[in-house]
Each structure stands twice: as C-alpha cells, then as structure tokens.
Amino acid sequence: MNLKTTLLLILVSFATQSFAQKFQKSAILKGINTLPMPDTGKFVSVFFSTNEEPHIIATHNLAAQVEVSATIIMTGALGKGQIFAIGSSEYFESKLLSDQNVQKLLKNIIQNARTHANKLKVAVTKTADAALINALKANKAKVYIADSNKLQPHTDIYFLTNDVKDTAALKVIEKYIADGGSLVYGSPYPNIFKNRDPNKSYLNDLIKINALLSKAGIFNSYTLLMTEQAKDSLTLTKEPFYLLLKNILSELGKSSPQATSPTEYAYGIEPTLDLAFSNNPDTSRMIKKIKSVLSISDSLPIPTLKKPLDISTAAKKAGYQFSKYLFEKSHNKENSSDFIYPESKSFPGEVPKNARRGTELIDIAVQVGSQGLADPYPNYFRLHSTGVYVPAGEKVNIVIDPKYKSQYLKAQIGIHNDDLRHLDQLERSGFDLTRSFELEKDTTTIFSPYGGLLYIRIPDSSTLKSISITANGVVKAPYYKLEKNKLTEWANIKNNPAPWTELATDKIILTVPTYRIKNLENPDYLLKLWDQIMDADADLAIINRTRTHPERIVVDNQVAYGYMFTVWDKIVVPNDESCGLMLNDKMLKEKGSWGHFHELGHRHQFWGLDMDEVGEVTTNLYTMYVYDKVLKKGLYNHEGMESKDKVKQKINSYLQNQPTFEKWGKEPFTALCMYIQIIEHFGWESIIKANKIYREMDPRKYYGHSLSNQQRIDLWYTTICKTTNANLSSFFEIWKIPVSEKAKTATKKYETWIPQEFAIYLPH
C-alpha cells in the first residue's frame, strides 16, 4: 500500500484509524520486554495474513535450531473494530496469567480497547478460566458470560477461547466488531489437535471462525509449534518480510529481492499467498496485485523432461504455483470429477483410450506394524497395492463390505507424493500427484486429475489379516507378486495397459514405468535376488527375515532430494540407467547397485543409537554386506575403494593431513575405512554382535529421547570393544574419535589392538 493510498484511507475513515492506532504494536507491548511461551511440551498455533491489513505483534522460531519464524500474535481491523489474536487459549488461563508480562499484556489490551469513560464491559465464553475473569475484574471491568454468542449492547471486549461453528453466531460477532467492538481471540486449536481422532483427517477439525478472522486478514492455521525448552519466550522485535503479505509483495516486486531459504518459502511465503488466493475474490484488487507482482499469465506452464521450467526464485516459484491455482479455478476443478491436468499426459502418463475399464475383485493381505526399524508414527496408514490403475479424470467406485466401514480404510490414487517446488527447475509437475479418500461408505467414488495406481491404506495398528474390495472402472496394471503369480502369467501381465508397474514380494515392492519391464523375461529370478538382498539387510540389522510389511522403491522422473533418497515409507530413485540396472538380475549380480543398496541401508540403520557423524557411513555397512554375502564380491566395490591398498591410501591421506573428528565426520568414505579395518581383522561377526546389542536396546526408544552424541560415541566404542574382545582406545584415538575416559576405563580389561598399518601413528 503506497503513502497516497494510506493518506486517503485515513481521511475516509477516522474511526478505523483511531482504533488501529490503539492496537499498534507499540501500544500493545508498552512496558513489556518479554512474553513467555507455554510450558515445555505444550503447543501454540500459528497465524498467517490473508490481505495487506494485519500487523504482527510477536513471533517464534518454527523449531529449535530452525532460523525461520512463525507468527504467534497478530492484530487486524474489521470495520470500526479490531481483532487481537494469540496462538493459544492458555494465555488466558491461570498458569500464564500468573506471569507479570502476560498480566501487563492483558492490561494493555484493556486500556487500548477503551473508547469511553464508563466502566468497561467485557464478555467471555462460558468455558473461560476463572483466572481470566478475576484478572478482568481486577482491571475494573464488568464481566459477563456471553450465552451462545449473544453479546450485550455496549460490550467493549469479547474474549473468545473456543471455535464458533454456527454461522448465525459468526454474523453476530462480525457485526459486533464492525460496529467498533474488540475481539480478543485465544486459539483453541492446540486443544482441538490434542483431542482429535488421530485416525481421521485433520480436515475434520478445521477452525470455522477463520471465516470471520480472514475478513480482518487473519488466518488461524493448522501449523503448531511445540515449546521445546523451559522458560522459552516469544520474539517481539521486527518480523521477517516473509510473514506478512504486504511485505512479501513488496519484496518479490523488487528487481533484486532478497534471497529466501526453502523453509522460509514453504512456511512463510507459500502459505501466505495460498491463503490470500483462497480468501479474496478473483476480481479483487488484492488478487490483481498478486497476479501483477508474480507475473502470472493466463496459460498454464507445463514442465517436462524436454522442456524444464525455471523456478529458481521465490517469485517464480509462487508464480508457478498460483498460475496452477487460477487454472484450476477457471476449470472448476473443485466441482469437477473429470478434470484432468494437462501435465498428467507426460507424467505419470496416459492410459490408452481403448484400454478396457472393468470391475475387479481385489483380495489384499494386510501387512502392517513395526518390524523394529525407523517406521512411521503409530497411526500411519500403510500402502497396500491393488494391481489396478485409475485413469486421470475418470470416476472409479470402490465397494467395501460394511464390516470394513469402521476400520479407517482409505483409498489412494498415485504414489508420487513428493513436492518438488523447492527445486530450481522442474522436469515434471512440482506438486503432490496423489489423492486420498476415506472409505466410510459401502460405495465411495474416487477420481484424480493425474491418475495413478490404486492403493488401499490401512492403519499400522490394524488387526485385520486380509480385506477384499471391488473396484469398478479401473484399468489393469502390470502387477506381479512373487509366489502369488506364476511365471506363465507374466507374458499377459506385462502387457496390461497402465503406464506404471509393480513387481512385488512380501519384502520389497518395485514401482517402475511400464515401458521399463517390456524386456523383463523372468521376474521370478529378479525378485528372488531382491529377496536375498532384503534378507541380508535383515540379518545385519538383526530383524526377522519375515517382514511385517515390504519396503518400497519408487522410480520418479525427478527426484526431490539428491540423486536418490530414503524416508520411512519409501525409497525414491531416478528414471535413468540405474532403473534398468535395478530390473536386470544378471547385471545386478555382475555389477551390483551401490545406490539402491545404500538407500536400503538407510532403512536399516540404528537411528537413535548411531552417532551423528555416521548417517552416511553405517548405511554402507549394509551395502558392503550385500556385495559380500549376496553377490560374493568381497568388501571392495566402490570407486576409490576397489582394493585393500586403495583403502590404505585413503586412510593415510586422512591421517597425514591434520586429521580431526570434524573432518572424519564430513568424509563418509574415509570414516567407512575405519569400519572396514575392523571387519577385515575381526570379521562381520563383530558388527553383527554389536548390532545385536543395539537391537536388544530397541533403538525406537531413543527416537524421541535420544542419547547425547558423546553417549552414542561411547556406546559404539564400548560395544565394538566387547564384540571384538579388544581394547580399541588407541585405534579410536588415531582416528580422532573422542571417547570419554569413563568409556576407556571400562575397556581396559581387553588386550589392546590396532591394525598393523597404524603402528607408525602410535606415539613414540
């Protein structure tokens, strides 16, 4: 908003200007140097702006060691009145109200809301804490409980600490504010989230009062921050530009805007612009300004492998995102089940128009539950393949037995759910391509503008052993399950018309483009080899070879992070020559695939017990173990580490160039040499025994309450000393691994060992 416009608004509406001045940051924070966060472990809800009017009073970092802020206190005008919004109703309860600064904040709100000399009249909800009522009375206010949001005449302030779902009540409150009243809103969302049904979508618990708040430019989001340390406080200094819409547009409109990190964009700029689009009419001045600043055209950009799309700046990223948003609105996507994204033709791909759409009865063996690895949260919904495909823009009916309606089943279309918009260039659509539907009725109609393989998602806590569903209107996909399908069926299966294929065992599922399997002659050979690889990983990780659920390797035209990456429910790999290698059992036996084996290693690492520095090191113990035990190729199979002599050269290069623990931790293949020395001398049995000790500790216990890094260093040291029956203190010292004196004392009973080549590095 420019100065001229601001001056005009001041002349037009003196009442609004007068009230806004009273709720300016300086007035609200008068006499306050700090404001507390709630107790450790408590949540606070975050606010966003939906237009250029609101002001930010206080912020807080998203999380410890994350230098990105979120808004916790915000004010905005509505007609002649204004809203004060704070991220938790606890600020109006006894614990926080006992804090002198919170008391001062309450006093400032009261003083700045006063518009007359008469006694202040304040309304509160029937659930208001007694401490709030007492504090208001101590400030000489007349307090009454608002019955069903029926506000008495001449009410100065309304303290609201719960959601308002009734539209009639919302209209009452809106008129009250527009006529000059003050709404003080303490977000109930932390409590709503705490008491939610975790098996249901958070969409069931959306805050309805946002319909009112957004008219003042405020949106109470579903982002929650947790207080992570005692005596934590809010930030009261000037907020970063990416938290307010007016500042975002000002910055992105510059010829050389300041750089933003992916986190700043994802948690500040993107949701703010998103909410602006969804809370302002398409013809509004606000939307026209955003379109102008972001240079959004009427045509939809379609990124492909042959014609990538540049989104290297925040303005370009936002322009790409919201050109798609406007395209969707112009094509009535929300009310159209036959809507198709143009980019879906190139990825995930088209189903031939003449391909048969049919009805399939699908039996699914339920595979859920933890197997000791770093699995998702307890209420995670595990994907189960169906072997059928949902074409883009076509309706499919899922029919379930009534007995399943209470089992929280979900249908998911597609598997490519990675958001790529943090990248500088797109080679396919940058959005989550999947769609999910809750199966709560006998028949549920599902559809997707992208299309994709059909999955049934089942809670990890489910006790079901199997389910059967009927899918109407689906296309058969090439789906081959080891020991379920026969090799004689393969010739027909691989010609099924869907653009994506799954090759599966009970231990692993490979999701690949269908054209990649046209030359695959014997999937049994391939899948049996992958099962051997999975069994080797299980043996080294000390888990049962009979898995509770399979791991998934998913091919993508564009990988979101690095060359390949691993998260708890999948491994994502590129659609390049490595995909051909993954599907060729002869080449795998001959060459192996360090990348795929490495990513599978990540799934089996001892997260929570491994020291910080070895995240990219101990994963390769699994890689090496597969090369050695499955492919029979020994320990030396990586470039630069092709032999024992090459490993010695790498070790000497490190030790002869001012070695430090920091260097060791930043050079994964140098660090791996240390493990190789142990394996060379003591054999894999020393590692297996160490892993058994770790497994018996159950690393899952340490995910949320991790040991200190020094404790984990000492744990590795004492464990490997025990399993080798050797004192490795000199060995660790030469490598510069900082073991504590207490841990060294515990291993003095063992005989000292160092490899022969280390003799020259001993002190003389």
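The values are calculated or read from the model by the stated rules, or taken from the named source; none is laboratory data. Since the model is a prediction, treat every value here as computed from it, not as a measurement. Positions of Cβ are backbone-derived with ideal geometry, glycine not excepted, and every protein chain shown enters the neighbour counts. Ligands, DNA and RNA are excluded from the accessible area calculation, which covers all protein heavy atoms including side chains. Shrake-Rupley method; radii C 1.70, N 1.55, O 1.52, S 1.80 Å.
Quick notes on this structure:
Residues checked against (1) surrounded by fewer than 17 Cβ atoms within 10 Å (Cβ to Cβ); (2) more than 30 Å from I542 (Cα to Cα); (3) in contact (Cβ under 8 Å) with a residue 24 or more places away in the chain:
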position: G369; (1), (2), (3): yes, no, yes
position: R382; (1), (2), (3): no, no, yes
position: T386; (1), (2), (3): no, yes, yes
position: A392; (1), (2), (3): no, yes, yes
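- Set side by side, the residues L707, L715, L762 differ, and just one is out of contact with any Lys or Arg (no Cβ under 6 Å at 6 or more places or on another chain), more than 30 Å from A374 (Cβ to Cβ) and open to solvent by less than 80 Å² (accessible area, probe 1.4 Å), which is L762.
- Residue check for L294: crowded, with 21+ Cβ neighbours inside 10 Å and either closer than 27 Å to Q65 by Cα or among the hydrophobic types (A, V, I, L, M, F, W, C) (or both): yes
- Qualifying positions in region 119-173 - in contact with a strand residue (DSSP E or B) (Cβ under 7 Å, 6 or more places away or on another chain) and small (G, A, S): A123, A128, A141, A146
- Selection status of P301, under 21 Å from T71 (Cα atoms) and either surrounded by 15 or more Cβ atoms within 10 Å (Cβ to Cβ) or of a type in the set (A, V, I, L, M, F, W, C) (or both): no
- Residues in region 485-503 that are in a helix (DSSP H, G or I), more than 22 Å from I413 (Cα to Cα), without any contact (Cβ under 8 Å) to a residue 24 or more places away in the chain and not acidic (D, E): T488, A491, N492.
- Filtered by the rule that a residue be open to solvent by 40 Å² or more (accessible area, probe 1.4 Å) and touching a residue at least 60 places away in the same chain (Cβ under 8 Å), region 126-169 gives a lone residue, N162.
- Boolean, S686 is among the polar types (S, T, N, Q), part of a loop (DSSP other than H, G, I, E, B) and at negative phi: no
- Scanning region 259-276 for residues that are open to solvent by less than 20 Å² (accessible area, probe 1.4 Å), of a type outside the set (V, I, T) and touching a Leu at 6+ places or on another chain (Cβ under 8 Å) yields a count of 3.
- Residues in region 681-704 that are within 20 Å of V647 (Cβ to Cβ), small (G, A, S) and open to solvent by less than 10 Å² (accessible area, probe 1.4 Å): S686 alone.
- Looking across region 612-646, just one residue is hydrophobic (A, V, I, L, M, F, W, C) and at pLDDT below 95, and that is M641.
- Residue satisfying all of: in region 504-523; assigned to a strand (DSSP E or B), of a type in the set (A, V, I, L, M) and touching a residue at least 60 places away in the same chain (Cβ under 8 Å); nearest to L487 (Cα to Cα) among these: A504
- For region 534-585, a residue qualifies if it is within 20 Å of T619 (Cα to Cα), in a helix (DSSP H, G or I) and out of contact with any strand residue (DSSP E or B) (no Cβ under 8 Å at 6 or more places or on another chain), and the qualifying residues are D535, A536, D537, A538, D539, L540, A541, S578.
- Filtering region 409-441 to residues that are among the polar types (S, T, N, Q), assigned to a loop (DSSP other than H, G, I, E, B) and in contact (Cβ under 8 Å) with a residue 60 or more places away in the chain leaves only S429.
- Residues satisfying the stated conditions in region 257-273, i.e. part of a helix (DSSP H, G or I) and in contact with a helix residue (DSSP H, G or I) (Cβ under 9 Å, 6 or more places away or on another chain): E264, Y265, Y267, G268, I269, E270, T272, L273
- The residue of region 446-480 that is surrounded by the fewest Cβ atoms within 10 Å (Cβ to Cβ), among those that are of a type outside the set (V, I, T), over 23 Å from the mean Cα position of the chain (by Cα) and not in a loop (DSSP other than H, G, I, E, B), is S466.
- Restricting region 586-600 to residues that are open to solvent by less than 20 Å² (accessible area, probe 1.4 Å) and out of contact with any Asp or Glu (no Cβ under 9 Å at 6 or more places or on another chain), the residue that is nearest to L621 (Cα to Cα): E599
- Considering region 403-445, and only residues there that are acidic (D, E) and within 20 Å of the chain's Cα centre (by Cα), the residue that is most open to solvent (accessible area, probe 1.4 Å) turns out to be D424.
- Test: residue in region 546-559 that is under 24 Å from R382 (Cα atoms), open to solvent by 20 Å² or more (accessible area, probe 1.4 Å), in contact (Cβ under 8 Å) with a residue 24 or more places away in the chain and touching a helix residue (DSSP H, G or I) at 6+ places or on another chain (Cβ under 6 Å): no
- Residue count for region 45-79, restricted to those that are in a strand (DSSP E or B) and more than 23 Å from K171 (Cα to Cα): 19
- Residue that is farthest from K150 (Cα to Cα) [pool: residues in region 98-125 that are touching a Lys or Arg at 6+ places or on another chain (Cβ under 6 Å) and either open to solvent by 40 Å² or more (accessible area, probe 1.4 Å) or charged (D, E, K, R) (or both)]: K119
- Helices (runs of 4 or more DSSP H) completely within region 152-245 that count 1 or more residues being at pLDDT 95 or above: 167-178, 210-213
- Residue count for region 171-181 satisfying the condition of being open to solvent by less than 20 Å² (accessible area, probe 1.4 Å) and out of contact with any Ser or Thr (no Cβ under 9 Å at 6 or more places or on another chain): 2.
- Yes/no for D363 being open to solvent by 60 Å² or more (accessible area, probe 1.4 Å) and either in contact with a Lys or Arg (Cβ under 6 Å, 6 or more places away or on another chain) or under 28 Å from N485 (Cα atoms) (or both): yes
- Any hit, region 189-204, residues being buried (at least 23 other Cβ atoms within 10 Å of the Cβ) and within 22 Å of A64 (Cα to Cα): yes
- Only listed residue being more than 23 Å from L29 (Cβ to Cβ) and either open to solvent by less than 30 Å² (accessible area, probe 1.4 Å) or in contact with a Leu (Cβ under 8 Å, 6 or more places away or on another chain) (or both), chosen from S255, S214, S233, S250: S214
- The number of residues in region 662-680 that are surrounded by 15 or more Cβ atoms within 10 Å (Cβ to Cβ) and within 20 Å of I754 (Cβ to Cβ) comes to 11.
- Top-ranked residue of region 59-76 - restricted to ones that are among the aliphatic types (A, V, I, L, M) and modelled with pLDDT of 95 or more, ranked as nearest to the chain's Cα centre (by Cα): A70
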